[in-house]
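Asks: Next up is a structure, given as structure tokens.
The values are calculated or read from the model by the stated rules, or taken from the named source; none is laboratory data. Because the structure is predicted, anything quoted here is derived from the model rather than measured. No Cβ is skipped: glycine too gets one built from the backbone with ideal geometry, and neighbour counts run over all protein chains shown. Just so you know, the surface numbers come from the protein's heavy atoms only, side chains and all, with ligands and any DNA or RNA stripped out. Shrake-Rupley method; radii C 1.70, N 1.55, O 1.52, S 1.80 Å.
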Amino acid sequence: LAQKGEFRKIIGYEGTNEMNTVIQTFNEFQEKQLEYQEYLRNQAKILEEQVSQRTNELLQSKEKYKNLVEATNDWIWEVDSSGVYTYASPQVYDLLGYTPGEFVGRRPFDLMPQEESRRVTDLFNSFVQEQISFNSLENKNIHKKGHIVILESNGTPVFDAKGSFQGYR
């Protein structure tokens, strides 16, 4: 069956040799066009299958990562280059009394005593400037109920595919 935009009629003509040559050339062109359209349809099917397969693989990988992060006893977090939380695992609730949703969008320094906030902000800014990892950074945090909780944090810089600094994890 012809699809929209396809012309499948082969022209027949009996007459001068010049006109027969033109019609034969047109018919050959039409056959090549139909073959190419079929090729494109097959390529589209292949691409659809590849996209579907990769989407499934990505979803499985995401689920695996989520299960791994949520099964650990450690609090896993991510901040952007400005130090704003973009992710907080559920363990933040056990440590600080906040749900992940209450944490995302805040900065770590917002939940620290003022003096501690200044100290850690200065350290964090130096890490960002050098784009280096940090380990065993002790910091005081204010639990949702008001008491102080001392945490030890590690952070690894995150870069995008072009090598641009994106934040820490």
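Asks: The conditions are (1) open to solvent by 30 Å² or more (accessible area, probe 1.4 Å); (2) farther than 21 Å from residue 87 by Cβ, and residue 116 fails exactly one of them. Which is it?
Replies: Just one mismatch for residue 116, condition (1).
Asks: Can we say residue 157 is of a type outside the set (Ser, Thr, Tyr) and in contact with a strand residue (DSSP E or B) (Cβ under 9 Å, 6 or more places away or on another chain)?
Replies: Details: of a type outside the set (Ser, Thr, Tyr): yes; in contact with a strand residue (DSSP E or B) (Cβ under 9 Å, 6 or more places away or on another chain): yes.
So residue 157 passes the test.
Asks: When the range 132-153 is examined, which residues are found to be in a strand (DSSP E or B) and open to solvent by less than 80 Å² (accessible area, probe 1.4 Å)? Write out each step before concluding.
Replies: To start, the set of residues in the range 132-153 that are in a strand (DSSP E or B) comprises 134-142, 148-153.
Scanning the range 132-153 gives 134, 136, 137, 139, 141, 142, 149, 151, 153.
Asks: Would you check which residues across the range 45-80 are open to solvent by 70 Å² or more (accessible area, probe 1.4 Å) and either touching an Asp or Glu at 6+ places or on another chain (Cβ under 6 Å) or in a strand (DSSP E or B) (or both) and list them?
Replies: Selection gives nothing.
Asks: Just for the range 81-104: of the residues that are touching a residue at least 12 places away in the same chain (Cβ under 8 Å) and of a type in the set (Ser, Thr, Tyr), which one is surrounded by the fewest Cβ atoms within 10 Å (Cβ to Cβ)?
Replies: Going through the qualifying residues, I end up with 82.
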